[in-house]
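One structure is given here, and the rest of the page talks about it.
The values are calculated or read from the model by the stated rules, or taken from the named source; none is laboratory data. Since the model is a prediction, treat every value here as computed from it, not as a measurement. So basically every Cβ, Gly included, is an ideal-geometry build from the backbone, and we count neighbours across all protein chains shown.
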Amino acid sequence: MPPQIQIALATGCVILAAWTVLPTPWPPMVSAATVVLAFGWLTFHIVSPRSQWIVPTSWRGAPSSPGLALTFDDGPDPEITPRALELLREHDARATFFLVGNRASAYPDLVRRLIAAGHQIGSHSHRHAHSFHFLPAKAMAAEIERGIDAIAAITGERPTAFRPPIGLRVPTLRQALTRLRQPVRCWSWTARGLDTLGRPAAAIVARLRPHLVPGAILTLHDGRGLGGSADRTPTLAALRELLTTMSARGLRSIRLDELDPLDGTRSA
Ligand SMILES: [Zn+2]
């Protein structure tokens, strides 16, 4: 059943339930509260990285996984990505980079370096436009395909891991994903550093440290200029501290496709 129909039915059920227990005509405040509740409920499922209701989404691997998965969004960036690569190399760590298609096209050598270092490449749309989530399904699918094509033109492989901009999964995304030439798996995270908000490294580490466990998916940004702070110095400092802590605990950083599946399905 299309998500829009599900939403309409569920909203109708809420209104019907309210109608049966409340006196009519409804006070205006009750009508307004019902609409606000329905809107808030939908918003929760769009924003929550763990919600499966609108778009099936992987937000962590099984605890039996051989490590946790560090992921990076919004790159590649000619200054930040090489520094992140160097830190990962120092700790023999693997990660997954969700690349913006037009940035991959602008820096193809960086994409090749990611591949050569053994990291996984995912797609993070082609332009990472703020309008992405408001596109009709056909245009949204075209935008996703374009991002995947941009990466495939460099690597020769179409990435099968996809993370939507800002991690939002609107109802249209579900339809757009069914239009793709090849299926992709949608990935969110167990925890994110919120490193685009200009937070100091200590705050980023404090958010992520409780999730340094096998199977977790952690999100940072090696790209910039897509909103928020453009200073990735705290991100790199946090990455260094997290990798050091993980090494001390014997905890590996692995690719998303190395995680044991949480739900019995294969990862991508
Ligand atoms: Zn992003």
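For first residues located in the range 143-164 and in contact (Cβ under 8 Å) with a residue 40 or more places away in the chain, partners that are surrounded by 21 or more Cβ atoms within 10 Å (Cβ to Cβ) and among the acidic types (Asp, Glu) and lie 6+ apart or on another chain with Cβ distances below 8 Å form the pairs ARG163/ASP73.
Within the range 38-92, the residues that satisfy the criterion of being in a helix (DSSP H, G or I) and within 16 Å of the ligand (Cβ to nearest atom) are ILE46, VAL47, ILE80, THR81, ALA84.
Looking only at residues that are of a type in the set (Lys, Arg) and more than 16 Å from the ligand (Cβ to nearest atom) in the range 98-114, which one is surrounded by the most Cβ atoms within 10 Å (Cβ to Cβ)? It comes out as ARG113.
Of the helices (runs of 4 or more DSSP H) lying entirely inside the range 121-240, those carrying at least 3 residues that are closer than 14 Å to GLY101 by Cα, of a type in the set (Val, Ile, Thr) and away from the ligand (no atom under 15 Å from the Cβ) are 137-155. In the range 126-137, the count of residues that are in contact with an Asp or Glu (Cβ under 6 Å, 6 or more places away or on another chain), touching a residue at least 12 places away in the same chain (Cβ under 8 Å) and assigned by TED's automatic domain parsing to the domain that holds PHE72 is one or more. Among the residues of the range 178-201, those identified as more than 21 Å from GLN120 (Cα to Cα) and surrounded by fewer than 15 Cβ atoms within 10 Å (Cβ to Cβ) are THR178, ARG179, LEU197, GLY198, PRO200. Scanning the range 227-245 for residues that are among the polar types (S, T, N, Q) and within 17 Å of ASP73 (Cα to Cα) turns up SER229, THR233, THR235. Considered as a group, the residues in the range 72-125 that are free of Cβ contacts under 8 Å to residues at least 40 places away in the same chain and among the basic types (Lys, Arg) include one that is farthest from LEU218 (Cα to Cα), and that residue is ARG113. Determine whether ALA237 is out of contact with any strand residue (DSSP E or B) (no Cβ under 8 Å at 6 or more places or on another chain), loosely packed, with under 15 Cβ neighbours inside 10 Å and at pLDDT 95 or above. So ALA237 fails the test.
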